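Asks: Here it is, the structure in full.
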Amino acid sequence: MNELNQNITIAYIAKPVDSRCQWWSIILPTELELTSNKLSQPYLRNGADLELIYGQMLINSEANHHNKSRGYCTSLLVSFGDEYNSLIPTSKRKKYIKEHGGQDLMHESGDVAGCVRMAVWLRRQSDLKIAFDILESVEDR
């Protein structure tokens, strides 16, 4: 964890983008298992007021439509102390992780497993912000 940023926090309200849609969110533990089916964290309450510290990560998943079955948008939210950003687990990002030291993370499929893989891979890197920026730019290559 970056020593300079560990005392800086940012406020985050846990809620869906569209309040009519089904939604869930969890805070990922720092010692994260490599399988998504073992995420036994409690779901965040809609409207939960959080203070996120540097390196803290959440998974958000929201239905794409409030009454038609059009799937979910699942993303990994990462706190950098004074800001937070999110990543969607795409095939290009999964491929990048596999090619750059994450071969052992490729056990399951799906977006939740993809978020878990990204979180574990990001935590393995020496600089979280640089690693995040690399994954964020993978789609542009």
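Asks: Figure the gain on full extension for Arg124 and Tyr43 (residue separation times 0.36 nm, minus the Cα-Cα span) and round it to one decimal in nm. Don't skip to the answer; put the middle values down first.
Replies: Working: separation 81, 0.36 × 81 = 29.16 nm, distance 2.51 nm.
Value of the extension gain: 26.7 nm.
Asks: For the chain, what is the convex hull (Cα atoms) projected area averaged across all directions, in square nanometres? Walk me through the numbers before you get to the answer.
Replies: Details: hull surface 34.9 nm².
For the chain, the mean projected area of the Cα convex hull comes to 8.7 nm².
Asks: Hey, another quick one. Mind checking the per residue accessible area of the chain for me, 1.4 Å probe, whole number of Å²?
Replies: Working: 8110 Å² over 141 residues.
Here the per-residue accessible area is 58 Å².
Asks: Write out the trypsin sites (Lys or Arg not before Pro) in the stretch 69-112 meeting two conditions: DSSP loop, and at most 13 other Cβ atoms within 10 Å of their Cβ.
Replies: Arg70
Asks: On to the next question. Which value in nm describes the separation of the simple spin-label points at Glu51 and Ile88, placed 7 Å from the Cα toward the beta carbon?
Replies: Modelled inter-label distance: 3.3 nm.
Asks: Carbon-plus-sulfur fraction of the accessible area of the chain, 1.4 Å probe, in percent? Provide the component values of the computation, followed by the final result.
Replies: Numbers: 3860 of 8110 Å².
Carbon with sulfur: 48 percent of the solvent-accessible area.
Asks: For the chain, what is the number of Lys pairs with C-alpha distance below 24 angstrom, counting only pairs 8 or more positions apart or on separate chains?
Replies: Lysine pairs, 8 or more places apart or on different chains, close enough: 9.
Asks: Non-local amide H neighbours of Lys15 (under 5 Å, H modeled in plane, Pro and chain starts lacking H): which ones?
Replies: Here the answer is Gly47, since their amide H atoms fall under 5 Å of that of Lys15.
Asks: Then there is this: Calculate the dipole size of the chain relative to its Cα centre from +1 charges on Lys and Arg beta carbons and -1 charges on Asp and Glu beta carbons; express the result in debye to the nearest 20.
Replies: On the way: 16 positive and 18 negative charges, 121 e Å.
That gives the chain a dipole magnitude of about 580 debye.
The values are calculated or read from the model by the stated rules, or taken from the named source; none is laboratory data. Keep in mind that this is a model prediction, so the values were computed, not measured. Using ideal geometry, Cβ is built from the backbone for each residue, glycine included, and neighbour counts are taken over all protein chains shown. Heads up: the accessible areas ignore ligands, DNA and RNA and are worked out on the full protein's heavy atoms, side chains in. Shrake-Rupley method; radii C 1.70, N 1.55, O 1.52, S 1.80 Å.
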